[in-house]
Every structure is written in structure tokens, then in C-alpha cells.
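Notes to accompany the following structure.
The values are calculated or read from the model by the stated rules, or taken from the named source; none is laboratory data. These figures come from a predicted structure and were not determined experimentally. Quick reminder, even Gly has a Cβ in these numbers, built from the backbone with ideal geometry, and neighbours come from all protein chains shown. Protein only, heavy atoms only, side chains kept; ligands, DNA and RNA dropped before computing areas. Shrake-Rupley method; radii C 1.70, N 1.55, O 1.52, S 1.80 Å.
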Amino acid sequence: MPWDTGDYPSSLKNLDTATRKKAIDIANAMIDEGYKEGQAIPIATEQAKEWYNNATEKEINQVKQMSDNDLRSRDEDPQSSRPELLDKGEHVIPHEDGWAVKTQDAKQASDVFSNKQDAIDRAKEIAANKQTTVIIHKKDGSIQEKLTK
């Protein structure tokens, strides 16, 4: 059952309204994608705090206005929900715009960076959340390094 402003994890109770609603929204999406509650809650909390620090006043107000129905509802996009990718490692691969972070067997990259180190840092962050590996490739596509958890 999705969370809303009347029913959410107690660890979110001390967050301000906008951050709490954003965390609820993120956590609900993660649960829909196959994450377990124990994984989703801390990740969603950190992402919501980061979002708040970078959000515009307009974005914050939009989240504050979200209704419980908005928080509970999800877009029915079968392409975005791929729980089988939760156990797959992250690859840092060459991309036409620099370096991409792509989960093994994913259809597309999750992030693209002009700087390889930024891509590696993001891949490490994702892999730490999923408790998987990072595989760093060279420009020619060959494997440069494997980082395990």
C-alpha cells in the first residue's frame, strides 16, 4: 500500500512538509520498482533532502501542493519498472557526450557526464544503494576496473 501524508514511515516525521512529501513520493516510486521498504526509505530520504537543497521555490511549492492521491498514484509505464535490474551492476561506458552510467541489461543509460570521474562517482553511488558492483570501461569499451561492494 502506498504511503501518503496520513500514513508514512515514522523516520520521515521530523522532515519539513516539502521534503517529507518528496520523500514519500520517491519511496512510493521505489517500492513500485521493486525496492524493499528497508532500502527505499533511507534512499528516498537522502534524495528528498538533496532535491530540497537544489529545488526552486516554485518546485518546492508544487510539492507542498501535492495531494495524497498524487502521492499514492503512479504512472503506469511498464518500461520504467524493471525490478530485475536491481541485482545488476553499474557500468561506466563511453558515450557520444562523454561517459554514461548504465545498469547491465538496461535499455538506456541512467546518467551521462562529460567527465569520467563524475560518471564513476555516480555509478558508485547507485551501486552502493543497490549493493552491486561497478564496472569501469576504457574508451575502447574494454574493462578497465571492477569495483565490488
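The table that follows gives values for the structure above.
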quantity	calculated
Rough spin-label spacing in nm, given labels placed 7 Å along Cα→Cβ, for Glu50 and Ala106	1.3
Accessible surface, the chain, averaged per residue in Å² (probe 1.4 Å)	61
Distance violations [Cα-Cα > 25 Å] among Lys64/Lys124; Lys36/Lys58; Lys88/Lys139; Lys64/Lys102; Lys21/Lys102	Lys64/Lys124; Lys36/Lys58; Lys64/Lys102; Lys21/Lys102
Label-point gap, in nm, between Asp87 and Lys124 - each point 7 angstrom along Cα→Cβ	2.7
Of all accessible heavy-atom area on the chain, the percent that carbon and sulfur account for (1.4 Å)	43
Along principal axes, Cα extents of the chain, largest first, whole Å	51, 31, 27
Dipole magnitude of the chain about its Cα centre (Cβ charges: Lys, Arg +1; Asp, Glu -1), debye to nearest 20	420
Net lengthening on full extension, Lys64/Thr148 (0.36 nm per residue, minus Cα-Cα)	26.3 nm
